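Computed from the coordinates by the stated procedures, all read-outs in this text should not be read as laboratory data. Note that the structure is a prediction, hence the values are computed from the model and not measured. Cβ placement follows ideal geometry from the backbone for every residue including glycine, while neighbour counts extend to all protein chains displayed.
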Amino acid sequence: MEPEHRRYGSAEETLRSLDAAAEAAHRRAVDVERWAHEQMSLRGRGTALGSGVVVEVDVNGQLQSLHVRDDAARHGGQTLARAILDAQSAAQDEVRRRSDEMTAQVMGAHSPTARAVADELDERLSTPGAGPAGPDTTPGGTW
Amino acid sequence: MTGHDRFDHERLAQGDLDRLAGRARRAMDWRRSVASLRGEGRAEGVIVVADANGTLVDLSIPTAACADGGRAVAELVVRALEDARRDVASKVSASGRETFGEDSVEAARIEQSWRDDMSRPVVETKPLGDEPTAPPTHARPPHPGGW
């Protein structure tokens, strides 16, 4: 049978291995902290009508900025409303994509954490058009 | 400690656990139920619908609201969205009071959380760098639906 000190290595080797494990754990903790910070400050940007409508959303899918150029406004209300919703969807898609990339890098693409983060995002990012506001049928209106 | 004391203590602890589990279940059911809540906001004919997270989910813009140019209509959308978020926050709070009780800790937390979240300034609408400077082509009518 192998002597005890051979099976577990020398005290020096054991300490080196513990140091390496502690260092790896520390690196991972730093990576995860950075990931969490980056995740919370994620922004997505989407455009429509060329670049006449530009929307930015945060990680919750909430509108952070909305820019409408005068030439986009000239398309009329219905087209502009659709364009804003489309640009928001594109911005939310970018949040999803960037979140997936960041999470895959730190947690692994197929890890349970990556899946949980993706599910959480899917739940948070709403689908435009799901609400009750529809075109006004008031005579004289154009939407 | 007697066996009887220990038994009573265990029964009490189990009761506490049951109550906590019941509260957690109610909280989860409530959270699911508010996901379908919507708030509506209006600004000069622009109508915005926001979900319980305050996210814009539907939007109607009268063409007349576009008359003063891109920045003006963007500001109307933002104002309507802020209005919609206040509306949904108030519905969520009402639902919290109804589910957990008027003076419950849960209702107070919900009220605070949604009020804080929904009262944040929504967005900036400043013009893009390449914003054309063309003046509005015509004045906006005073009342929505009247064009």
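Summary of computed values
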read-out: Order of A:Thr113, B:Thr99, B:Thr63 under a 10 Å beta carbon neighbour criterion, fewest first; value: A:Thr113, B:Thr99, B:Thr63
read-out: Computed FRET value (nearest 0.05) for A:Val30 with B:Ser90, which takes r as the C-beta separation and R₀ as 51 Å; value: 0.75
read-out: Solvent-free Debye scattering, log10 I(q)/I(0), computed from the Cα coordinates of region B:37-90 at q = 0.19, 0.20, 0.26 Å⁻¹; value: -0.53, -0.57, -0.86
read-out: Shielding of B:64-77 by partner chains, average beta-carbon count, 10 Å; value: 6
read-out: Cβ-based exposure ranking for B:Glu102, A:Glu94, in which fewest neighbours within 10 Å come first; value: B:Glu102, A:Glu94
read-out: Average other protein chain Cβ within 10 Å of Cβ, residues A:55-67; value: 6
read-out: Burial ordering of A:Thr103, A:Thr79, B:Thr55, fewest other beta-carbon atoms within 10 Å first; value: A:Thr79, A:Thr103, B:Thr55
